[in-house]
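**Student:** Okay, here's the structure, questions in a sec.
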Amino acid sequence: MEKKQIGGFEHIRFPYQEIPEQEVISRSEDFYHSMSKRRTIREFDSRPIPITVLENIIRTAGTAPSGAHKQPWTFCLISDSQIKRKIRLAAEEEERISYSSRMSETWKNDLKPLGTNWEKPFLEEAPYLIVVFKQSYGMENDEKIQHYYVNESVGIACGFLIAAIHQAGLVTVTHTPSPMNFLSEILGRPKHEKPYLLLPVGYPKEETYVPNIKRKDLEDILIRF
Ligand code: IYR
């Protein structure tokens, strides 16, 4: 049977393809090895990328699970250089204040190995910016729609997005200018949408260096019961 009714809703048979255990093991290893090569990159080549790649990456993010399947996300994709410039200037203005007075000394010390500062040239250099908005609630025909677990849902979608960017052979940085309401204004988003994350996407600049940081070992992040 391919379809049945459950609680008045049509359910379709899940087309699960059995995979041999050895292959399950090798796939999990391969994916880990691929993901372990991901690095946050802050210097971009301005080489263009076919729009279809960005569309596929955003499609992938849209496959994330979400509270009651409300899909409470909007992805703004920006290639227009004037909009990128506006975003850069506004982000740098906020970051300048953050670095000079809003961030604690401990925080700034913790960021030292990453070499960040208020300047964000990548917001203009990357061929694309993706600004992810979370929808606190939905709007359909002027009616409010309840959304659930919005932060969790959008966070998971961003994880998928970052994995898809890496899988495609591109790089990004999860930029979190704070506060980020300037993004709602520049992009003209409605009030039920709040900026969540800003990701420049592109190829790394030739000869890019990244901080020599190590990831926690499995035994430091895993507790077995
Ligand atoms: N938003 C600032 C500071 C910053 C914060 C964290 I947490 C980082 O991992 C990196 C930077 C900025 O983008 O510079």
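**Student:** List every residue pair whose Cβ atoms sit under 9 Å apart, with the two residues 6 or more apart in sequence or on different chains, where the first one lies in the stretch 92-115 and is in contact (Cβ under 8 Å) with a residue 60 or more places away in the chain and the second, anywhere, is β-branched (V, I, T) and open to solvent by less than 40 Å² (accessible area, probe 1.4 Å).
**Tutor:** Final answer for the pair search is E95/T116.
**Student:** I would also like to ask the following. Considering E143, E94, which residue is on the phi < 0 side of the Ramachandran plot and within 16 Å of the ligand (Cβ to nearest atom)?
**Tutor:** Details: E143 fails: within 16 Å of the ligand (Cβ to nearest atom).
Of E143, E94, the one residue that is on the phi < 0 side of the Ramachandran plot and within 16 Å of the ligand (Cβ to nearest atom) is E94.
**Student:** Are there any pairs, at least 6 apart or on different chains, whose C-beta atoms fall under 8 Å, with the first in the stretch 159-179 and more than 10 Å from the ligand (Cβ to nearest atom) and open to solvent by 10 Å² or more (accessible area, probe 1.4 Å) and the second among the charged types (D, E, K, R) and not in a loop (DSSP other than H, G, I, E, B), and if so, which?
**Tutor:** Matching pairs, first to second residue: P179/E94.
**Student:** Can I ask one more? Can you find a residue in the stretch 102-113 that is touching a helix residue (DSSP H, G or I) at 6+ places or on another chain (Cβ under 6 Å), under 19 Å from H175 (Cα atoms), open to solvent by less than 90 Å² (accessible area, probe 1.4 Å) and within 12 Å of the ligand (Cβ to nearest atom)?
**Tutor:** First, the residues of the stretch 102-113 that are touching a helix residue (DSSP H, G or I) at 6+ places or on another chain (Cβ under 6 Å): none.
The answer is no, given that none of the residues of the stretch 102-113 is touching a helix residue (DSSP H, G or I) at 6+ places or on another chain (Cβ under 6 Å), under 19 Å from H175 (Cα atoms), open to solvent by less than 90 Å² (accessible area, probe 1.4 Å) and within 12 Å of the ligand (Cβ to nearest atom).
**Student:** Okay, moving on. Can you tell me which residues in the stretch 114-138 are away from the ligand (no atom under 16 Å from the Cβ) and either touching an Asp or Glu at 6+ places or on another chain (Cβ under 6 Å) or of a type in the set (F, W, Y) (or both)? Steps first, answer last, please.
**Tutor:** Restricting attention to the stretch 114-138, the residues satisfying the condition of being away from the ligand (no atom under 16 Å from the Cβ) are 127-128, 133-138.
Answer for the stretch 114-138, where residues must be away from the ligand (no atom under 16 Å from the Cβ) and either touching an Asp or Glu at 6+ places or on another chain (Cβ under 6 Å) or of a type in the set (F, W, Y) (or both): Y128, F133, Q135, Y137.
**Student:** Here are some conditions: (1) touching a Lys or Arg at 6+ places or on another chain (Cβ under 6 Å); (2) charged (D, E, K, R); (3) surrounded by 15 or more Cβ atoms within 10 Å (Cβ to Cβ). K70 meets all but one. Which one does it not meet?
**Tutor:** It is condition (1) that K70 fails.
The values are calculated or read from the model by the stated rules, or taken from the named source; none is laboratory data. This structure is a prediction, so every number in the text was calculated from the model and none was measured. All Cβ positions, glycine included, derive from the backbone under ideal geometry; neighbour counts span all protein chains shown. Surface areas here come from the heavy atoms of the whole protein model, side chains and all, with no ligands, DNA or RNA. Shrake-Rupley method; radii C 1.70, N 1.55, O 1.52, S 1.80 Å.
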